[in-house]
Amino acid sequence: MAASKRPPQSPETPSSRPETPHYDLVEYKHGAPLDIGWTVLCKAGPNGAPHMCSVVDRKQCPGYDKIPKKKAVEGAVSRTKSSPGGATHEYDYYVHFHKMNSRLDRWVHFADLDTSSVGRPRQLQEDDKKKGKFSGRKRKRGDEEGKEDGEEDTKVKNISTVRVGRFELETWYYSPYPADVVQGSSLARLFVCEYCLSYTPSDFTMKRHLCKCPHRHPPGDEIYRDGDLSVFEVDGKENKAYCQSLCLLAKLFLDHKTLYYDVDPFKFYILTEVDARGCHFVGYFSKEKESPGGYNLACIMTLPCYQKQGYGHFLIELSYELSRKDCKVGTPERPLSDLGVASYRSYWKYRILEYLSQKACSSTISISNITEATMIQGEDVVQTLQSMGAIQMLKGQHVVVLPADIIAGSSAKGRRLKVDPSKLVWTPTPRPVKEKGSRR
């Protein structure tokens, strides 16, 4: 079995005390529980150093109710592996580390927190004066109950790991799987069929499913095959169950994804690795069938076990090849995840430098020339060139200036995976022609 861990992320400016005026230090009562919304110093953050965090949620420690109340209140340390029989502090806490991606949020024991620096948001203090006590909620009671509870739940990761094929992956974010599947509020492990994306919390049930599952590839039409790589186009309206399961799986690794069930307006492009057993799910991207904003990609995700192997660039390049066949300049829908932004910037830089290396002897190259050759939207081209410091002012005009060694060095690196347009079998959906109304 192969395992995958979340990518490391270093903090921007680690701090050992609250930095913003939104928090005030408060006197912490020894042994008392921390309220939701409070800030506290975690002794060992994601990078191993102390880091400020906010309390998102809390849960009672297993075994706490087995200890006499008087003895439990006296202590201020959480349970440890050396004392599994019971906890001397009532709660464990789910925390978000300041200025860090929420994929790094996690449950911590009370012993991992330094209560010498507890901060309380000023807004909560003002609410206390009006209500008389802190309710632990971010919204007023007059808000809709369903929306309020839903927003609160989405902050806490409800599935720890997911098993897809031979890979067991540590999840990054909350995903709204049905409550009967998650078995209440949390689940240690979820099993997903890599062929039809059916899911279950039971290892035994998944083994039985794999013996009976008739599918060995995604539904829809195969539009690309090159060696052991295959891409299928799946219509969200025709294969709703598969696409909904795909969105739920993707949400475990995407923070900004909000589409779960309304999949009818989208098409999904599934990248797989092919062997004698079937087509193994690698990643996907989706796009609207009709995009008013001209977007050629709505969402993109590669499973963590396949990241940093060129599959993300392959999917991005495929989206632009589809735009080329559709005779449209493309750009991705915003916002992108932090990993999505990094992937696109890398792809844009490589693609533009590749084009410039082929046209190095040309006397004049405009932004429109680059856009026409790469199908990358003009704004994205300009932004990429600016990030490289390539746009300069010369004789009152903006010009692109890049040293020849940078252009040659980038093009020489190459990429492991590239889309072969000759192996792409795809035709854009004909657009309906609006007939002019007849005049009487």
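Throughout, read-outs are computed from the coordinates displayed, never taken from laboratory work. Because the structure is a prediction, the values reported are computed rather than measured. Cβ: placed from backbone, ideal geometry, glycine included. Neighbour counts: every protein chain shown.
Under 14 Å from a label point 7 Å along Cα→Cβ of LYS325: give me every residue in segment 293-317 with its amide N that close. Label zone hits: 317. Phi angles of segment 51-59 translate, via the Karplus equation with coefficients 6.51, -1.76, 1.60 and θ = phi - 60°, into HN-Hα couplings of 8, 6, 8, 10, 7, 9, 7, 8, 9 Hz per residue; Gly and Pro are given as x. The phi-based Karplus calculation (6.51 cos²θ - 1.76 cosθ + 1.60; θ = phi - 60°) puts the 3J(HN,Hα) values of segment 377-390 at 4, x, 4, 5, 5, 4, 4, 5, 5, 5, 5, 8, x, 8 Hz, whole numbers, x for Gly and Pro.
Would you please give the FRET efficiency between SER116 and GLU168, computed as 1/(1 + (r/R0)^6) with r the Cβ-Cβ distance and R0 = 45 Å, to the nearest 0.05?
Efficiency, from the Cβ-Cβ distance: 0.70.
Within segment 170-199, what residues put their amide N at less than 18 Å from the label point 7 Å along the Cα-to-Cβ vector of LYS59? Under 18 Å, as judged by backbone N against the label point of LYS59, lie 170-191 of segment 170-199. Measuring r between the beta carbons of THR429 and CYS211 and using R0 = 45 Å, the FRET efficiency lands at 0.75.
Ranking GLY378, ILE367, SER343 by Cα position along the charge dipole of segment 321-398, where only Lys, Arg, Asp and Glu carry charges on their C-beta atoms, puts ILE367 farthest toward the positive end.
Extension gain for GLN309-ARG189 works out to 40.6 nm (0.36 nm per residue, less the C-alpha to C-alpha distance). Remark: the LEU394-PHE204 segment gains 61.5 nm on full extension, using 0.36 nm per residue and subtracting the alpha carbon distance.
What is segment 239-309 by shape, rounded, prolate or oblate, if you read a ≥ b ≥ c off the alpha carbon gyration tensor as root eigenvalues and call it rounded for a/c under 1.5, prolate for a/b larger than b/c, and oblate otherwise?
Verdict is prolate for segment 239-309.
Subtracting the Cα-Cα distance of VAL181 and ASP275 from 0.36 nm times their residue separation leaves 30.8 nm of extension gain. For each pair in LYS59/LYS157; LYS237/LYS423; LYS328/LYS418; LYS237/LYS308; LYS287/LYS418; LYS207/LYS237, compute the distance between the two Cα atoms and list the pairs where it is over 22 Å. The answer is LYS237/LYS423; LYS237/LYS308; LYS207/LYS237. Close amide H contacts of ARG58 (hydrogens built in the peptide plane, cut-off under 5 Å, sequence separation of 5 or more or a different chain): TYR94.
Between the amide H of SER117 and those of LEU41, distances stay under 5 Å, these residues lying 5 or more places away or on another chain, with hydrogens modeled in the peptide plane.
Separation of segment 273-290 from segment 211-272 is 6 Å, based on Cα centroids.
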